[in-house]
Amino acid sequence: MMKRDLIVFEHERFELTGYDVWMTAGEIAGLFGVTIMKVRGIISRMRKDLAVNMDLLSKYELLENDYKDELYNLECIIAIAYYIHNGLSVEFRHWICDRVTRRKERAMIVYF
C-alpha cells in the first residue's frame, strides 16, 4: 500500500495532509457528507459527460487482500464537488478557490 495524501475536514475547516492527493470514493463521500453510491454515480456521469479521459484522473491501488481500490486525484475531487449540492461541497469549493487565488505570504525575491 502506497503512502498518499488526503483532504480532511477537521475543526470546521479543510486541510491537506500533503500535496499528492489521491482519495477513494469512500473517502470522498466522507469528506462531502454523502453516500458512496452518490459519489460513484457522479463518477459514472463524469465518465460519460466529460471530454477528458477519466483514466488520467484515477488509478488503482493494490490492497493487502489482493483486491484493487480506485483512487481519484485532486482534479477529479474538485470536479466531484461541483456535482454535489450541499453545505460541505460549497464550503470546499470556496476553500479551494481561496487556496488558488491566495497571495504568497512571503516576499518575492527579484534577481537582476
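The values are calculated or read from the model by the stated rules, or taken from the named source; none is laboratory data. Every value quoted in this text rests on a predicted model; they were computed, and no experiment measured them. No Cβ is skipped: glycine too gets one built from the backbone with ideal geometry, and neighbour counts run over all protein chains shown. Just the protein is used for accessible areas: all its heavy atoms, side chains included, with ligands, DNA and RNA removed. Shrake-Rupley method; radii C 1.70, N 1.55, O 1.52, S 1.80 Å.
Scanning the stretch 1-30 for residues that are of a type in the set (D, E) and open to solvent by 40 Å² or more (accessible area, probe 1.4 Å), which turns out farthest from L74 (Cα to Cα)?
E12
Can you tell me which condition G18 does not meet? The list is (1) within 13 Å of the chain's Cα centre (by Cα); (2) in contact (Cβ under 8 Å) with a residue 60 or more places away in the chain, and all the others hold.
For G18, the failing item is (2).
Do any helices (runs of 4 or more DSSP H) lying entirely in the stretch 1-99 carry at least 1 residues that are in contact with a Gly (Cβ under 8 Å, 6 or more places away or on another chain), and which ones are they?
Correct list: 36-49.
Of all residues in the stretch 57-76, which are under 16 Å from M23 (Cβ atoms) and either modelled with pLDDT of 95 or more or open to solvent by 80 Å² or more (accessible area, probe 1.4 Å) (or both)?
Hits for the stretch 57-76 are Y60, K68, E75.
Which condition number in (1) open to solvent by less than 60 Å² (accessible area, probe 1.4 Å); (2) at pLDDT below 90; (3) farther than 16 Å from S89 by Cα is the one that K48 fails?
Exception for K48: condition (1).
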